[in-house]
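Beneath this line is the structure, given in structure tokens, with notes to follow.
The values are calculated or read from the model by the stated rules, or taken from the named source; none is laboratory data. The shown structure was predicted, so the numbers you read here are calculated from the model rather than taken from an experiment. When we count neighbours, we look across all protein chains shown, and the Cβ atoms used for this are built from the backbone with ideal geometry, even at glycine. Ligands, DNA and RNA are stripped out before the accessible areas are found, and what is left, the full protein with its side chains, is counted by its heavy atoms. Shrake-Rupley method; radii C 1.70, N 1.55, O 1.52, S 1.80 Å.
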Amino acid sequence: MLESYLISVIIKSTVLLAAGLICLRLLRGQDAAVRHLVCLVALASAAAMPLLAFWQPQWSLLISVSPSPVIAPAGEIGAAGGWSWPTAIVAIWVIGIFVMTLRAAGGWVVLLRARWRSEPFQDRDGAEVRIGNIGTPLTCGMLHPLILLPEAARDWNEPRLRAVLLHESAHVRRRDCMAKYVAQVSRALLWWNPLVWVLAARMNHEQELACDDAVLAAGVPADAYATVLLDVARECSSSLILGCAMGNNSAAGLRERFEHLIEWRPDAVGANRRTAIAIPLLLLLLTTVSFAEKIYKIGPGIVAPKVLEKHDPVYPEKERDAKTEGTVALSLVVGIDQRAHDIKVAKSATPGLDASAVTAVRSWLFQPGTKNGRPVPVRAKIEMNFRLQ
């Protein structure tokens with residue numbers, strides 16, 4: 001049911017994002033490119049969770065029973081018509097996705113306008129360099145990368161221009177714009193989760209550090225490059241949220257970049273033991289979470305569960321006196337413990353009949369469904385026909 005889907009998405013996406021943050025903690029002081037990759041994998045995996053939940057065949061098991069006309073005990077009330085809380089949450093979720101999509105579309109419009117109004121400057125490392133009406137150097141475009149420089153770049157001296165182009169060319173080689181798109185999709189789908197915002201911001205910061213490493217590795221002195229970063233940060237006024245902007249950093253982020261420059265060493269790019277341990281652990285956790293508590297649906301390769309022992313539902317006194325008849329459809333998961341779990345009313349008759357059906361199914365004993373001969377949790381549907389005899 002819908003509430004189970006929502007709970008599964010919330011738990012699994014949060015676990016994946018938290019795992020990414022923990023791995024970042026383990027990789028402090030290591031290569032920024034590795035930390036950026038951890039952020040990207042965690043964001044992409046978490047964003048896939050809402051979609052993977054629908055990747056199952058939609059089959060149902062139908063069982064019909066005839067209840068005895070006996071007074072029903074007090075029971076649980078099944079789902080009735082109207083909007084339930086899961087439906088309301090999904091509606092809010094979709095509205096948030098729509099707002100985030102509009103925000104991204106606004107960034108696209110601003111970015112395209114800057115590209116159209118830009119002027120050719122030079123070509124470098126497979127990307128065209130152009131001069132545009134922007135406040136900070138940036139890289140945009142995934143299939144056809146483009147480096148945009150502000151108008152002031154015409155007056156830059158050779159060392160500053162070289163450092164800036166080395167930084168932006170590193171974005172092109174690393175395909176950081178694609179990573180930015182992944183972060184945009186992750187934030188749009190999981191906008192309600194604060195961890196996705198934290199991890200996306202961290203990914204943007206790590207990709208800037210990785211490109212700073214590329215500039216220093218090319219022989220630019222750290223003090224000279226720090227001066228370039230400071231000048232770019234002073235002039236930064238870009239709102240192009242879909243580009244990799246060189247100076248789009250907060251004061252704290254800029255301070256961390258300066259510290260990174262001071263601590264950088266040519267031999268610090270290699271991965272050590274913690275890196276070798278952290279990455280496989282993250283991948284193992286991603287796999288485990290993705291398949292955790294997987295519930296199968298009846299279809300090819302899945303043997304349907306069978307009812308071994310059942311007790312007929314009792315007929316509620318109110319419905320019996322009113323001569324009310326009806327059919328209640330229940331959605332449930334037959335666990336490997338031979339019991340029904342996550343029982344939900346898929347088709348309601350009356351509150352009394354719904355409650356009676358749910359109470360009866362709780363006492364039933366099933367033979368679990370199987371996959372390749374192994375018992376697995378299987379979602380099924382049971383119909384109970386309440387008829388007065």
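Inspect the range 321-335 for any residue being under 24 Å from K294 (Cα atoms), at pLDDT below 90 and either part of a loop (DSSP other than H, G, I, E, B) or out of contact with any helix residue (DSSP H, G or I) (no Cβ under 8 Å at 6 or more places or on another chain) (or both) and give the result as yes or no. Talk me through it step by step, then tell me what you get.
At the first step, the residues of the range 321-335 found to be under 24 Å from K294 (Cα atoms) are 329-335.
Checking the rest, the ones that are also at pLDDT below 90 come to 335.
Filter once more, keeping what is either part of a loop (DSSP other than H, G, I, E, B) or out of contact with any helix residue (DSSP H, G or I) (no Cβ under 8 Å at 6 or more places or on another chain) (or both): 335.
The answer is yes, given that some residue of the range 321-335 is under 24 Å from K294 (Cα atoms), at pLDDT below 90 and either part of a loop (DSSP other than H, G, I, E, B) or out of contact with any helix residue (DSSP H, G or I) (no Cβ under 8 Å at 6 or more places or on another chain) (or both).
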Per the list (1) outside any loop (DSSP other than H, G, I, E, B); (2) modelled with pLDDT under 80; (3) open to solvent by 80 Å² or more (accessible area, probe 1.4 Å), residue check on R113 breaks on (2)
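When residues of the range 184-226 are filtered for being more than 14 Å from the chain's Cα centre (by Cα) and either in contact (Cβ under 8 Å) with a residue 40 or more places away in the chain or assigned to a helix (DSSP H, G or I) (or both), how many remain? So that I can check it myself, show each step before the final result.
Narrowing the range 184-226 to residues more than 14 Å from the chain's Cα centre (by Cα): 201-226.
This time we only want the ones that are either in contact (Cβ under 8 Å) with a residue 40 or more places away in the chain or assigned to a helix (DSSP H, G or I) (or both), so: 201-218, 220, 222-226.
Count: 24.
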Identify, by number, the condition in (1) modelled with pLDDT under 85; (2) over 13 Å from the mean Cα position of the chain (by Cα) that V38 doesn't meet.
(1)
For a quick check of your reading of the model, give me the residue pairs whose first member lies in the range 342-353 and is open to solvent by less than 40 Å² (accessible area, probe 1.4 Å), whose second is of a type in the set (K, R), with beta-carbon atoms closer than 6 Å and at least 6 apart or on different chains.
G352/K318
Any idea which of (1) of a type in the set (A, V, I, L, M); (2) part of a strand (DSSP E or B); (3) over 33 Å from the mean Cα position of the chain (by Cα) is the one V345 doesn't satisfy?
(3)
Look at W108 and say whether it is surrounded by fewer than 17 Cβ atoms within 10 Å (Cβ to Cβ), in a loop (DSSP other than H, G, I, E, B) and touching a residue at least 60 places away in the same chain (Cβ under 8 Å).
no
Can you confirm whether the range 19-31 contains a residue that is exposed (fewer than 13 other Cβ atoms within 10 Å of the Cβ) and modelled with pLDDT under 50?
no
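Can you spot a residue in the range 308-317 that is in contact with a Gly (Cβ under 8 Å, 6 or more places away or on another chain), modelled with pLDDT of 90 or more, closer than 26 Å to S8 by Cα and not hydroxyl-bearing (S, T, Y)? Walk me through it before giving the result.
Taking the range 308-317 and keeping what is in contact with a Gly (Cβ under 8 Å, 6 or more places away or on another chain), we get 316.
Going one step further and asking which of them are modelled with pLDDT of 90 or more, we end up with 316.
Subsequent filtering for residues that are closer than 26 Å to S8 by Cα retains none.
No.
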For the range 185-212, how many residues are open to solvent by 20 Å² or more (accessible area, probe 1.4 Å) and out of contact with any Pro (no Cβ under 6 Å at 6 or more places or on another chain)?
11
Do we have A380 as surrounded by 18 or more Cβ atoms within 10 Å (Cβ to Cβ) and part of a strand (DSSP E or B) here?
yes
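The rows are residues; the columns are (1) in a helix (DSSP H, G or I); (2) at positive phi; (3) surrounded by fewer than 16 Cβ atoms within 10 Å (Cβ to Cβ).
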{"position": "P120", "(1), (2), (3)": "no, no, yes"}
{"position": "E128", "(1), (2), (3)": "no, no, no"}
{"position": "G135", "(1), (2), (3)": "no, no, no"}
{"position": "M142", "(1), (2), (3)": "no, no, yes"}
{"position": "R154", "(1), (2), (3)": "yes, no, yes"}
{"position": "L166", "(1), (2), (3)": "yes, no, no"}
{"position": "A170", "(1), (2), (3)": "yes, no, no"}
{"position": "A179", "(1), (2), (3)": "yes, no, no"}
{"position": "V182", "(1), (2), (3)": "yes, no, no"}
Taking the residues in the range 231-243 that are within 19 Å of H171 (Cα to Cα) and open to solvent by 20 Å² or more (accessible area, probe 1.4 Å) as candidates, determine which candidate is modelled with the highest pLDDT.
A233
Could we say that A360 is surrounded by 18 or more Cβ atoms within 10 Å (Cβ to Cβ) and closer than 21 Å to E317 by Cα here?
yes
